[in-house]
Amino acid sequence: MRDTITDTILLVDDEEGIRTVLGITLEDAGYEVRTAADGREALSIFEEWHPAIVMTDIKMPVMDGIELLRKIKGESPDTEIIMITGHGDIDLAIKSLKFEATDFITKPINDDVLEIALKRSKERITMRRRLREYTENLEALVEEKSRRLVEAERLAAIGQTVAGLSHAIKNIAGGLKGGGFVLEKGIELDNPDYLNQGWEMIKGNVEKIKNLSMDLLNYAKPAELEIRPSDPSGPAREVAELMGPRAQEYGIALELKPLSSEATFPLDSESIHLCLVNLVSNAIDASREAAEADSDAGKEMQILLECGMAGPRELYYRITDNGIGMDPETKEKLFQRFFSTKGSRGTGIGLMITKKLIDEHGGVIEMESEKGRGSTFTIRLPRRS
C-alpha cells in the first residue's frame, strides 16, 4: 500500500535516458514519479506538487543541482533531497551535504545504494511526522493541564526551558549525525579526507555537548557570590587579555577602556568575569558575521570594552561592537530562555547565565542594537552598603 506522504519522488536529470530508466525503476518500486530536465522546470513542478523526495543530478544546464537544493530547502526544509553525481564530482556532493542534502549516490546508480538512500529518506520523513504528532499531542496535554493547575506560570516556564534545551540538543545531534555520515562515507570509499572531516565534525559536537553540560550546571547551581571590595577594572582587563587573540584572529580590534581611578567596588569578580566573557564572545561572533556578510566593503570591525562609574554608587561595564546588529523582533526575544541569534551554532545559555548573575548582584543588563550597525550591552551594578 502506497504511503502518499513518503512515496512521491521528483526526479531531475538533463539526460533523458537516465530519467526514463530510473523513473521506471522507481515506479516499479512503488513510487509515484514525476521528472524534470533541469532545475528551473523542477522548481515549477515542486511548487505545484510538493513531493516528499527530490532526486537531482548535480551538474545540469539552466540551474544546477546545488542551486535547486538551496531553493527547495529555503521553501520546504523538510523535503528530503538525494543528489546524483558522477565519480569526479564528489567534492560537489560533499558540499551539498552542508546545504542539508539527505544523501548522494554516484553514477552508474547501484540498485542497493539507491534502496538504502531512499530508505533513509523515508525514515527521516516518518520520524518527523511522528515527532510532529507527538509534539502536537504534548502541546495539547500541556494546554489542558495548564488550565487546571494553579502553578500555570511555573509550568509554562518549565515548558519553555525543555523546548529550548531540546532545540539545543537537536542541533548538536544533527551535527553528530552529519559527522557520522561523512565518516561512514570515508570508510565506505576508503577516503582519508572524509575520515578526517567526519572525525573533526564529531569532535566539535562532542565539545559542544561538554560545554552545554557545564553551562547547564553553572546555571542550575545555587548562587554563592563572594561579594568583596575589588578592582572593578580587573575582570575587564582579564577578559580583554583572554579574548584579544581570538578577536585578532578574525581581524577585529578589541579595545579596553578601564576605570581611570584606583577605587574599589563590592562585587564577585569571578562572576563578572564570566559575564564579560559571554558578552565579548558574542560581540566577536557578531563582528565576524558582519565582516563575512560584507567582505568587500573593507569595514574595520571594532569592539570596545569599557568599565566606569555612573555616580558614586553605580558601576557599569559596556561592550560595544559595530557588528551585524539585531532587528526589533530579535531584541524582544534576546533574554528568553535558550534563545540564540546564532542558529545551530548557539544555545542561548550564555546570556541566560549572564542575566542570572547580574540579577543576583542586584544589577541590570541593558541592550541597544540596530540591524547592520552593531550592538551595545551595558551591565549596571549598584553599590551594596
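The values are calculated or read from the model by the stated rules, or taken from the named source; none is laboratory data. Bear in mind that the values here come from a model prediction, so they are computed numbers and not experimental data. Note that we place each Cβ from the backbone using ideal geometry, even for glycine, and neighbour counts take in every protein chain shown. We work out accessible area using only protein heavy atoms, side chains counted, and drop any ligands, DNA or RNA first. Shrake-Rupley method; radii C 1.70, N 1.55, O 1.52, S 1.80 Å.
Side notes on the structure shown:
- When segment 311-321 is limited to residues that are out of contact with any helix residue (DSSP H, G or I) (no Cβ under 7 Å at 6 or more places or on another chain) and open to solvent by less than 50 Å² (accessible area, probe 1.4 Å), the one that is nearest to Asp231 (Cα to Cα) turns out to be Leu315.
- Taken together, the residues in segment 304-340 that are at pLDDT below 80 and in contact with a Lys or Arg (Cβ under 9 Å, 6 or more places away or on another chain) amount to 3.
- Pick from segment 42-59, criterion acidic (Asp, Glu) and within 17 Å of Thr8 (Cα to Cα), ranking: surrounded by the most Cβ atoms within 10 Å (Cβ to Cβ): Glu47
- Odd one out for Pro108, checked against (1) open to solvent by 60 Å² or more (accessible area, probe 1.4 Å); (2) closer than 20 Å to Arg40 by Cβ: (2)
Yes or no, residue by residue, for (1) at pLDDT below 90; (2) of a type in the set (A, V, I, L, M):
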| residue | (1), (2) |
| --- | --- |
| Ala253 | no, yes |
| Lys257 | no, no |
| Cys275 | yes, no |
| Asp285 | yes, no |
| Ala290 | yes, yes |
| Asp294 | yes, no |
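- Hits in segment 230-287 (condition: outside any helix (DSSP H, G or I), without any contact (Cβ under 8 Å) to a residue 40 or more places away in the chain and of a type in the set (D, E, K, R)): Asp231, Glu262
- Which listed residue is modelled with pLDDT under 90 and open to solvent by 30 Å² or more (accessible area, probe 1.4 Å), from Val62, Val21: Val62
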